[in-house]
Each structure stands twice: as C-alpha cells, then as structure tokens.
Amino acid sequence: MFFFYLLSGLFLGWSLGANDTGNIFGAAVETRMLKFKKAALIAAIFITLGAVLEGGGPSGTLGRLGSVDALGGAFTVALAAALTITLIVRIGIPVSTSQTIVGAIIGWNMFSGRLTDYRSLITIASSWVVAFVLSGTIAAFLFHLAKPLVNRSKAHLLEQDVFVRYALVVVGAFGAYSLGANNIANVVGVFVPVSPFKDLDLGGFITISGVQQLYLLGALSIVVGIYTYSHKVMRTVGKDLFHLSPITALIALSAEAIVLFLFASRGLYNLLLSLGLPTIPLVPVSSTQVIVGAVVGIGLSKGGKNIRYNILARISIAWVAAPVLAALISFTLLFIIQNVFETKVQQETHYIFDRRSITKIAEEGFDTSTLSTVNGRSFSSERDIYRELQEHESLSRDDMLRIIKLSEIHRLKVDFAKLQNSGMHNRFTPNQLKRIEELNEQVYRHKWQLQADLAKEAEFELHDSPLTEHQKNDNRLLQGKLDVLFRAFLLEEQTD
Amino acid sequence: MALLLKTTRFVESQIDTFLDIVSDSATTFQLAVEDYLEGRIEQFEERLAQIREFEHRADDLRVSIERFLYERTLIPENRGDVLAILENTDEVIDNIKDSLLQFSIELPQIPTELNDLWMQTTRASVAAVEQLVFAVRSFFRDLAAVNNYIHKVHFFEREADHIGERLRRLIFGMDIELSRKSQLRFFAIHIEKISDAAQNVCDRLSIYTIKRQL
C-alpha cells in the first residue's frame, strides 16, 4: 500500500528530474557543449549520489514545517505539488519544486488543523531570496574573475573549448550532486515520517538507513524524469529563457552548484560549525531561482542590457503564485481524498490539559493562569487550542506552539525488539541503546514523558537553552533521534 | 592533458598551416607582380603555379578542418563563425590566383612609368592580407589584439584604394589607346580587390570577436 501512495512522490520526482535537470545542464546541452545522453548520465549518477549521501539535511527543515503523519496525507501533498508544477510549467513559467512542496505542506497544515511553524517557514522563504541574491553575487564575482583570466590565458579557441567542456562535466556533476542533496527532500521528504523502510546493515561496515532507501527510490524517479522529459525542458531553459555562451554557461552553472551545495551539505555545515563560523540553514532551495539569479548576476556584470526583464517578472510572479496555488490544490485534494475516497490523510491527534500536562507546562516556565480557558479540557485540533489561547496576549505564537506540543497525546510503548528488527538501532550510541532497553515495555501518554525518562542518560539530554551553534546542532541531531523513537514506539490505539 | 588535446592540437596546426598558406600566397603574389613588371615571365609563371598549388592545399585544409569541427562537435558555439572566416579567407587566395591568372592569359603591356604605383598598390594590398592573417590568428588566441589588426587591415585597404585611384588616373592620363587603358584599369582594380576581400573578412571578424567576448 505504501508503494501505491509513494507513486505521487515519484510523480513529483519525475517532474523534478524533467524540470530541474534542465536548470543544470540546459545551457551546456543547448550550446552543444555536452550531448544530451552524456548530460543525462552524469545527472542520473550524481543526483542519486547526492540524494542518498547528503539528502537528510534539508529534509529535516521540511519536517519541522509540517510533519505529514498519514500516508494518504503524504500522497495528497506530493500529488498537489506535482499537479501544481505540471500546471504552471504548461503555462510556460519555470516553477520551483521547493516552493510548491512547501505550499502543499501548508495546505495540509490548514486542512488538518495544525499550526504552521512560522519560524521554519521564514527560514525557508528567506532562504529562497538569499539563494537568488547569493547565486547572482557568486556568478558576478566568478564572471569578473574569469574575464581577465580568459583574456590573459591566450589559450587557443579550440583548447578553451576542451577546457570548458570538461569543466562543464565536472561542475555539472557537482551541481547534480548538490541538486540531489538539496531537492530530494522535496520529492520524498513528506514520506519520511511514514516510511516503512528498515535500516539495512551491509556487512557491519555501511548502514543504509530506511530514509536513505526512500531517497534512493526518489532519486530513481528523478532519473526517469531526466531520461524521459528533461531533453525538452533543457531546450526551453537553454534557449528560450536566456542565451548563454559556453563560458558564461559554465559560470552560471558553477554559481548554481555552489549555492545548492551551501544549502544542502551537512559536511559543510559541520565544518563551519567546527570552525565557529556562522552556518547556512539546510533548506531545499529552488534550482530555477538559483540559475535565474546566476544569469541576472552575469547580465548585470555585462551592463544589464541583455537581461530579459519580462521573463524575470514572470518568474517573480511564480514565486508567489506557486506556493499559494499548491496550498489551495493540496487543501482541495485532501478534502476530496478524505471525504470521497474515505482515506485517512492525517493521524487523529488529541490534546489534553489535565493535571499532568499542566504541571509540565508550568515546569517549562509558563504562567499556567493563562491556561484557565483550556484547563481540564481536551481538544482534537491545534487550531482550536490556538484560538482559545489567543485570548491571552501575553503568549507569543511560539509559546502557544510549545504549549500545544506539551498537551499532545502521543501514546507510546517502548519496544526495544522493534527498534532492533527495523535496523534503526544503528543510529544510537551504546549508552543510548542501554537506556532504551531499560525502559522496555514502558507506556507513555506524551512524548515529553518518554523524553524525560530517556534524559536520565546524559547522552539523551537536550541543551536547555542552546546558545552556541554547536549546542543548537547537538539538539537538532538528538531531536532527530527522538523523532525516530516517537515514530517507532507509537501505539496504534491512541485513546485511553 | 596532452591526450585530451590531441585532436584539438591537430586541428589547431591545420588552421595555422592554412593561415601560413594565405600569408605565403600574398607574399608570392607580390614577388610575382614584381617579376611580371621586370619582364621575368618564366619566373612569374612559376609563381603562378606555386599559388595554384597553395590554393589547392588551402581548399583541402579548409574541408579537412570543417569535417573535424563537425565530426568531433568542436567549438559548437563558434563553429559557424570559424568556418565563415576560413571560407572568406580562402576567397582571398582565389582572388590572388585569379589576378595572376589574368596576367598570364592576357599578358598586358604595362608602361614602365606605372611600375612604381603598380608596386605600391600591390604592396598595400599584400600588407592588408598579412594583417588579416594576424587578425585571424589573434581571433583564435588573443581576442584583445584582433581589433588592432583589423584597424591595420582597414588602413592598408584605404591605402590600396587611394594609390589605386592615382594609378587609374595616371593610366587614363596617358597617351595610349582607350582599349589598353581599359585593360590596365581592369588589372589595377583586380589588385585593389584583394585588399577589399581582406576587408570583407575583417568586417565579419569584428562581429565574431564581439560575439566571443565575455
């Protein structure tokens, strides 16, 4: 059943393969520097590698935006995004996969009564603008660097052609790797919370996690998209949208690859962290916006006369139209799938403000007198609680989100054997595993209860108020592990 | 790296050889005109035969370069431009050969008082072709220098026109038959046309240079 539901994700992967590969190799293929077959092969290999090896980072950010917790929901969200892309591409506007999937997730949040985490949304949305500006800046910088170099090198036109050709292959491979790492989250990210794949242990040396297997499947759908449809899109991107010479195409592609890598690489993130430098959020950015940013950067460096502002305006409109349309389609489809096909698109989640949860909320430092309107009541939608809490102006939206999470009923039963059978135990340290085993068979009503019990082992302890990037990163990684446990130990029966 | 550039280097050497032939043709043309004016007809015919040989070799090289560029999809973005440059440059050799061939066929009687201006026109036209060869070589290796050479081609073309005009005025001011004046004018114009052909290549070259600039 999971694989049927995954089809919409694979459809989305296909459209990403067709659409975004054009952004990488479009100019190279259109200037005939690379043959389509070669470009497709490089893209297929490196997008798959990027997706499987480094796809985890951006996916986490999407997960924080909205954790689609039912297969039917994930199916519909991915379908809505894929339909939006198909629709907008048919109108002739290059569209961003990242924006449509974010719009579709927000549509799910709206439909299921969940609150959208504005902080994650702002991180994602601002990264789109930053990615556009950054790629333009990098492209302009590379252009100014390349110009005197090319003039001074006095390499023969034919030799220059050979160098550019090989550089396009290398940079294209890097771009494809970065695209796979950055955008795989868009394709199958919504399926991560509901994935049935077990971790695979290959001879004790390499562990391929369930998520990586899911990414591999997503990457294969991208590959199908590359081989079946990207040739046409490459032509559109490389010829109609803007005309680049091989050298400027190489510059634009380099800028695109760098930006995609910056927003995708966990390795780079960790390196910056270890050097005490500011980190770049791991967010799925739009390869369309990034390549357009690069072209605008080059265009401005050449005096700005050759930029086709009408196309730029159309793309800018799509920045707003794509997520809004995706949210609307997602909402409508969810309604249809749930009510017409009677398919579960969300887990029924209940929230209770009983003695235990109120005490916990007080322990977290909140003034419980602000909870008078909800005290002793139970809810079945985040939004209902939000409306009640809104009466108290002293609570910020972030506070309310935290209070809601503490009141959420998420019945769990620690099942150490299940963790081992699914192969997920490889993600935990020996001390952490020992602690989980000690709690075997324990039943909990709230996530925070299990978390509190686990935290008696130091390696399960979150930093209270993380100040440094190191601490924030530690918390993020540990939270990822806790989420694995919350999903693995979730009881089917959620009512008492 | 050498392996990667093997085909490239081969085509590069072919292009260089082609341009060497153009340059040699121009120099041989000047020597041939000198021989003709000095009455060394046998030597003149040898030079004509040499230029015919140059023309054949240039044609073969051009076709070979063309085939390589298309078969190996080399410089796809500039291929059309490069081939146009080579074809137009090849026409300069054709002009040179045609001019000498007409001398060989018609054997015009050139009054000795015209020799100096005749040689000046020839030298200006040959200089235009030599500068053209520099311009084309720079197009491949040193884009910034192309315009300098193009400027010089224009200069020598104007010079050839200017001296050519003086030569024609002198011809028509002479006390000889009109048919002979007409024949000499035809030969003078033929020499000027060589520099015109060089200028035509340069006009294209300057556009291709703009296209290639980053």
### Task
Principal axes first, then extents: for the Cα atoms of region A:350-409, list largest minus smallest coordinate on each axis, whole Å, largest first.
24, 24, 18
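Please give the FRET efficiency for B:His151 paired with A:Ile122, using the beta carbon to beta carbon distance and R0 = 60 Å, rounded to the nearest 0.05. Mind dumping the intermediate values first?
On the way: r = 58 Å, r/R0 = 0.96.
For B:His151 and A:Ile122, the calculated efficiency is 0.55.
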### Message
Please compute the modelled spin-label separation between A:Gln479 and A:Phe2, points set 7 Å along Cα→Cβ, answer in nm with one decimal.
### Response
2.5
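If neighbour count is taken as other Cβ atoms inside 10 Å, put A:His463, B:His154 in order from fewest to most.
Values: A:His463 14, B:His154 18.
Listed from fewest to most nearby Cβ atoms, that is A:His463, B:His154.
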### Charge dipole of chain A about the Cα centre (unit charges at C-beta), most positive-ward option of A:Ser357, A:Thr137, A:His470
A:Thr137
### Query
How far is the Cα center of region A:423-496 from the Cα center of region A:184-232, in Å?
25
### Query
If all Cα-Cα distances of region A:350-474 are sorted into 10 Å bins from 0 onward, what percent lands in each bin, rounded to whole numbers?
12, 35, 30, 20, 3
### Task
Fewest Cβ neighbours within 10 Å first, please rank B:Ser23, B:Ser195, A:Ser153 accordingly.
A:Ser153, B:Ser23, B:Ser195
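Would you mind giving the mean number of other chain beta-carbons within 10 Å of the Cβ of each residue in B:69-81, as a whole number?
Numbers: counts 2, 0, 0, 1, 6, 5, 10, 8, 13, 6, 2, 0, 1.
If you average over the peptide's residues, the count of other-chain Cβ atoms is 4.
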### Task
Please work out the C-alpha center-to-center distance from region A:345-371 to region A:84-148 and express it in whole Å.
35
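When you look at the Cβ of every residue in A:29-35, what mean number of other chain Cβ atoms sits within 10 Å? Write down the numbers at each step before the final one.
On the way: counts 0, 2, 2, 5, 4, 2, 1.
So the per-residue partner count for this stretch is 2.
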### Estimated FRET transfer efficiency when R0 is 25 angstrom, pair A:Leu149-B:Arg9 (beta carbons, to 0.05)
0.70
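Using 0.36 nm per residue of separation minus the Cα-Cα distance, give me the extension gain between B:Phe172 and B:Glu42 in nm, one decimal.
The span from B:Phe172 to B:Glu42 would gain 43.9 nm if fully extended.
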### Task
Pop a pseudo-label 7 angstrom from the Cα along the beta-carbon direction at both A:Lys418 and A:Arg235 and give the gap in nm to one decimal.
5.3
### Message
Placing unit charges on C-beta atoms (Lys and Arg positive, Asp and Glu negative, everything else neutral), compute the dipole magnitude of chain B about its Cα centre in debye, rounded to 20.
### Response
700
### Summary
Note: chain A, point scatterers on Cα, Debye, no solvent; log10 I/I(0) at q = 0.06, 0.09, 0.10 Å⁻¹ equals -0.30, -0.65, -0.79
### Task
Report, largest value first, the span of the C-alpha coordinates of region A:51-169 along each principal axis, in whole Å.
64, 31, 30
#### Entry: the protein assembly as shown: calculated mean residue ellipticity at 222 nm from DSSP helix runs of at least 4, using -39500 (n - 2.57)
-25000 deg cm²/dmol
### Query
Rule-of-thumb check for chain B: C-alpha Rg over 2.2 N^0.38 Å?
1.11
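Can you give me the convex hull volume of the Cα atoms of region A:1-64, divided per residue and expressed in Å³?
Numbers: hull volume 6.8 nm³, N = 64.
About 107 Å³ per residue, rounded to a whole number.
If you rank B:Leu132, A:Leu202, A:Leu433 by fewest surrounding Cβ atoms within 10 Å, what's the result?
On the way: B:Leu132 32, A:Leu202 8, A:Leu433 18.
The most exposed by this proxy come first: A:Leu202, A:Leu433, B:Leu132.
On average, how many beta carbons from a partner chain sit within 10 Å of the beta carbon of a residue in A:157-170?
For this peptide, the per-residue mean of nearby foreign Cβ atoms is 5.
Rule-based calculations on the coordinates, nothing more; no lab input. Small disclaimer: the values here were computed from a predicted structure and weren't measured. Glycine gets a Cβ as well: all are built from the backbone with ideal geometry, and neighbour counts include every protein chain shown.
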